[in-house]
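Here's the structure we're looking at; comments come further down.
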Amino acid sequence: MKCPFCSFPETRVTNSRLFGDGDAIRRRRQCVSCQRRFTTYERVEKMMLLVVKKDGRREPFDRQKIIAGILRACEKRPVSLTTIEEMVNQIEAGLLERGEREVETQDIGEAVMHALHDVDQVAYVRFASVYREFKDLGEFMLELKDLLKKQQ
């Protein structure tokens, strides 16, 4: 594997371990040339999943888009990158378990909201405010009231 720092084509694996639910391998690598270390992840290539957008367009499922959305919601919150990766792994596994080749954006958004609700309520409300496209403060307050009811 090519080094991301100096582009030297040879690296060595210094450590390997299972990651997440055991469906990925995390490898620590070291460049033979510059000696810098970096991490790679290996996953089994899964069936192609298409996302059906609100306007009917279809595009390939991209886990990086989910990670980016969750990172925005979790900005300045005590949620680790490992926790975010685990959430996305669970969301992706849930979508694949359905056995459908196409999934609607609403299903992905609801899965993200459910995962965030269990991890960090502030991140949940942030994500919900963008995902549900609240039109005014009243809609936002209703969501907060529902969240408070679920906590009791």
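The residues listed here are 62, 23; of these, the one that is exposed (fewer than 15 other Cβ atoms within 10 Å of the Cβ) and over 30 Å from residue 133 (Cβ atoms) is 23. Filtering segment 65-88 to residues that are hydroxyl-bearing (Ser, Thr, Tyr) and surrounded by 12 or more Cβ atoms within 10 Å (Cβ to Cβ) leaves only 83. Return yes when residue 16 is surrounded by fewer than 16 Cβ atoms within 10 Å (Cβ to Cβ) and without any contact (Cβ under 8 Å) to a residue 24 or more places away in the chain and no when it is not. Answer is yes for this residue.
Pairing residues of segment 49-67 that are more than 20 Å from residue 97 (Cα to Cα) and small (Gly, Ala, Ser) with residues that are part of a helix (DSSP H, G or I) and at pLDDT below 95, at Cβ distances under 9 Å and at least 6 apart in sequence or on separate chains, gives no pairs at all. Could you list, in sequence order, the residues of segment 1-55 that are of a type in the set (Ser, Thr, Tyr) and farther than 30 Å from residue 95 by Cβ? 7, 11, 14, 33, listed by residue number.
The values are calculated or read from the model by the stated rules, or taken from the named source; none is laboratory data. These numbers come from a predicted model, not from an experiment. All Cβ positions, glycine included, derive from the backbone under ideal geometry; neighbour counts span all protein chains shown.
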